[in-house]
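Colleague: Just passing along the structure, written as structure tokens.
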Amino acid sequence: MYCNACGKAIAEDGRFCSYCGSVVGIPPTPKKLMRSRTERKIAGVCAGLAQYFDIDVSLVRILCFFIVLASGVFPGVVTYLLAWIIVPEERELKPVVATQQPVTI
Ligand SMILES: [Zn+2]
């Protein structure tokens, strides 16, 4: 089997190319724009955008702030509210409850 990205020969059962790190065999799942649960300040729209474009959350927030200011506040706020409604929230990660085992001291 050969890597589609760099063309080097890789192991037949490999899922990642050891040379360039790209996924081989199975097609990569497309990224979905989701509102973040973990890094949210208001509704997680900026954090979701940051995760989607793989950039820093603070950068997105600063950018959004200036876009809102430049738009005359109201259109920017409406856009944010629309994104809040339209963009789905990422799935809740339920904490794994450890099984209670007797602790030996
Ligand atoms: Zn490769």
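Colleague: Failed condition for LYS31, given (1) within 30 Å of CYS3 (Cα to Cα); (2) modelled with pLDDT of 90 or more; (3) among the charged types (D, E, K, R), with all others met?
Modeller: (2)
Colleague: Additional query: Identify the residue in segment 4-50 that is touching an Asp or Glu at 6+ places or on another chain (Cβ under 8 Å) and closer than 12 Å to VAL87 by Cβ and, among all such residues, is surrounded by the most Cβ atoms within 10 Å (Cβ to Cβ).
Modeller: Applying the filter and picking the extreme gives GLY48.
Colleague: Can you find, within segment 68-88, the residue that is nearest to ARG40 (Cα to Cα) among those that are β-branched (Val, Ile, Thr) and open to solvent by less than 100 Å² (accessible area, probe 1.4 Å)? Break it down stepwise before answering.
Modeller: Within segment 68-88, the subset β-branched (Val, Ile, Thr) is 68, 73, 77-79, 85-87.
Pick out the ones that are also open to solvent by less than 100 Å² (accessible area, probe 1.4 Å) and you get 68, 73, 77-79, 87.
Details: VAL68: 18, VAL73: 20, VAL77: 16, VAL78: 18, THR79: 17, VAL87: 14 Å.
Going through the qualifying residues, I end up with VAL87.
The values are calculated or read from the model by the stated rules, or taken from the named source; none is laboratory data. This one's a predicted model, so the numbers in the text were calculated from it and none came from an experiment. Ideal geometry is used to build each Cβ from the backbone, glycine not excepted, and the neighbour counts take in all protein chains shown. Protein only, heavy atoms only, side chains kept; ligands, DNA and RNA dropped before computing areas. Shrake-Rupley method; radii C 1.70, N 1.55, O 1.52, S 1.80 Å.
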